[in-house]
């Protein structure tokens, strides 16, 4: 399996203390978490040519893991469209934390993807679909203290599967782990992972991420999907957004 971890790599250079948790940046740390005998992981950042996401690179990518926060607007539209087409053609996509507001996630969801948020809080993550492959080996619940609060309403299409639910000390709840299928590709959004906190060091979070890349890995990818013209493209988009085909 070939995985790319994409990170805008902005906060770590502006706030070096983040690298106390994540040596080499969030992308470098997640690379070390995900790599194993049958999973080869590379990284890409906003500063790489074409954001490190050329067609040639994406052709060889089974799953793309996306972390972004402050620089969503700097990702070129042509790169977003390229990633979108690869997801539709079968590539898996894992979107982490504030990647909810990335261009690619909003493009695939077809909604604003806005939510409520508040800084430092305590979160309890509940596993509400324990039979799902992404939840394998994850306890009924576990705590993250601290974590950034994300709260409802989260403006997304109804998830096909709701695997994790977050509850915060302030009383908010959040759909913390959701899946969708777009075209031939599988998408998993996972809320925990604020850059100021050592969330990705948590063993349960690491288990979830390892499970997620295996779940999202396609049996077949680079499947040709033709859009003869804009009218047919619009029809296709409406069907796969609202009828999940």
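When restricted to residues that are in a helix (DSSP H, G or I) and either closer than 22 Å to residue 30 by Cα or modelled with pLDDT under 95 (or both), the range 87-106 contains 9. Taking residues in the range 124-149 that are farther than 14 Å from residue 167 by Cβ, and partners anywhere that are at pLDDT 95 or above and loosely packed, with under 14 Cβ neighbours inside 10 Å, not one pair has Cβ atoms closer than 7 Å while being at least 6 places apart or on different chains. Restricting the range 171-222 to residues that are out of contact with any strand residue (DSSP E or B) (no Cβ under 9 Å at 6 or more places or on another chain) and at pLDDT below 95, the residue that is nearest to residue 133 (Cα to Cα) is 219.
Scanning the range 67-79 for residues that are touching a strand residue (DSSP E or B) at 6+ places or on another chain (Cβ under 6 Å) and at pLDDT 95 or above turns up at least one hit. Against the numbered list (1) part of a strand (DSSP E or B); (2) under 24 Å from residue 7 (Cβ atoms), residue 124 comes up short only at (2). For the range 12-54, a tally of residues being part of a helix (DSSP H, G or I) and over 23 Å from residue 203 (Cα atoms) returns 6. Residue 23 satisfies every condition listed in (1) in contact (Cβ under 8 Å) with a residue 24 or more places away in the chain; (2) over 30 Å from residue 226 (Cα atoms); (3) touching a helix residue (DSSP H, G or I) at 6+ places or on another chain (Cβ under 7 Å) except (1).
Is there a residue in the range 111-121 that is in contact with a strand residue (DSSP E or B) (Cβ under 7 Å, 6 or more places away or on another chain), farther than 23 Å from residue 207 by Cα and buried (at least 18 other Cβ atoms within 10 Å of the Cβ)? Looking for residues that are in contact with a strand residue (DSSP E or B) (Cβ under 7 Å, 6 or more places away or on another chain), farther than 23 Å from residue 207 by Cα and buried (at least 18 other Cβ atoms within 10 Å of the Cβ), one finds at least one in the range 111-121, hence yes.
Give, as residue ranges, the strands (runs of 3 or more DSSP E) completely inside the range 131-227 that count at least 1 residues that are surrounded by fewer than 17 Cβ atoms within 10 Å (Cβ to Cβ). Answer list for the range 131-227: 141-151, 161-168, 173-182.
The values are calculated or read from the model by the stated rules, or taken from the named source; none is laboratory data. Computed from a predicted model, the values in this text were never measured in an experiment. Here the Cβ is made from the backbone with ideal geometry for all residues, glycine too, and neighbour counts use every protein chain on show.
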